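Chemist: Below you'll find the structure I mean.
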Amino acid sequence: MGKGRLEAFSDGVLAIIITIMVLELKVPHGAELATLKPLIPVLISYVLSFVYVGIYWNNHHHMLHVTQRVNGAILWANLHLLFWLSLVPFVTAWMGGNHFAELPVALYGTVLLMAGVAYFILARALASHHGKDSKLALALGNDRKGKASVAVYVAAVPLSFVNPWIALALYVVVAIGWFIPDRRFERVFAE
């Protein structure tokens, strides 16, 4: 079956996720700059999560651009990814609203971990469906960056209980590593 509906649905869900996150930003009472100070953790959480959702959208778009067709397993794998991403607004609000307390930072990392695992599953389902010699499979390769990201999340979640700022720094490091779109797909299709 074609990929059009999967792309459209995914784009819609990701747009809603970003909309929900921005709606969680509450306008402070007062017109002084000092009224924004309590919102700094909320804004930092929002920016980090916006970047993460943008990274997922960008890489999802690149991966689906080279996809020719989908099947039921791919549809479910995609829904699995969207489920974890749909939890991002909740954990973002909880983390920022509690000024980066241990448990909210750990749960934020758990959602990032599960989204990373879900993306890996989706990528493997697509590669399997297209064949090991397909351009899609060649572009994905062994996905060292994806595996490394999951490993960092696995380390960061328990570190949240030692020092939430270390875990938060690790989440930022992973985001920086993914900020530039995955060029593997562009390289394979340029050849």
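The values are calculated or read from the model by the stated rules, or taken from the named source; none is laboratory data. This one's a predicted model, so the numbers in the text were calculated from it and none came from an experiment. FYI the Cβ positions are ideal-geometry reconstructions off the backbone, even for glycines, and counts take in every protein chain you see. When the accessible area is computed, the model is the full protein with side chains, heavy atoms only, and any ligands, DNA or RNA have been set aside. Shrake-Rupley method; radii C 1.70, N 1.55, O 1.52, S 1.80 Å.
Chemist: Could you grab me the full set of residues in region 68-82 that are open to solvent by 20 Å² or more (accessible area, probe 1.4 Å), in contact (Cβ under 8 Å) with a residue 60 or more places away in the chain and of a type in the set (A, V, I, L, M)?
Modeler: Scanning region 68-82 gives a single hit, L75.
Chemist: Sort out which residues of region 130-151 are more than 17 Å from Y56 (Cα to Cα) and touching a Lys or Arg at 6+ places or on another chain (Cβ under 7 Å), and write them in order of number.
Modeler: G141, the sole residue that qualifies.
Chemist: Got a number for residues in region 20-38 being closer than 20 Å to Y52 by Cα and either open to solvent by less than 70 Å² (accessible area, probe 1.4 Å) or in contact with a Gly (Cβ under 6 Å, 6 or more places away or on another chain) (or both)?
Modeler: So the answer is 3.
Chemist: Continuing with this model, one more query. Would it be correct to say that S160 is closer than 25 Å to R69 by Cα and modelled with pLDDT of 95 or more?
Modeler: no
Chemist: Which of the following residues is at pLDDT 95 or above and of a type outside the set (S, T, N, Q): V117, V27?
Modeler: The conditions single out V117.
Chemist: Quick check on my filter: what residues within region 83-93 are among the hydrophobic types (A, V, I, L, M, F, W, C) and either closer than 17 Å to V117 by Cα or surrounded by 17 or more Cβ atoms within 10 Å (Cβ to Cβ) (or both)?
Modeler: Of everything in region 83-93, those that are among the hydrophobic types (A, V, I, L, M, F, W, C) and either closer than 17 Å to V117 by Cα or surrounded by 17 or more Cβ atoms within 10 Å (Cβ to Cβ) (or both) turn out to be F83, W84, L85, L87, V88, V91, A93.
Chemist: Then there's this: Restricting region 171-191 to residues that are at pLDDT 95 or above and open to solvent by less than 50 Å² (accessible area, probe 1.4 Å), which is farthest from H62 (Cα to Cα)?
Modeler: Y171
Chemist: Ok, one more. Given the conditions (1) modelled with pLDDT of 95 or more; (2) surrounded by 13 or more Cβ atoms within 10 Å (Cβ to Cβ), which single one is not true for H65?
Modeler: (1)
Chemist: Also, I was wondering about something else. Limited to region 96-120, what total is found for residues that are open to solvent by 10 Å² or more (accessible area, probe 1.4 Å), in contact (Cβ under 8 Å) with a residue 24 or more places away in the chain, farther than 22 Å from R183 by Cβ and in a helix (DSSP H, G or I)?
Modeler: Selection size over region 96-120: 7.
Chemist: Related question: List the helices (runs of 4 or more DSSP H) that sit entirely inside region 133-186 and contain at least 3 residues that are farther than 19 Å from A115 by Cβ.
Modeler: Numbers: elements: 135-140, 144-159, 164-178.
Passing ranges, in order: 135-140, 164-178.
Chemist: Exactly one of these conditions fails for T67: (1) more than 30 Å from L138 (Cβ to Cβ); (2) in contact with a His (Cβ under 9 Å, 6 or more places away or on another chain). Give me its number.
Modeler: So the condition that T67 fails would be (1).
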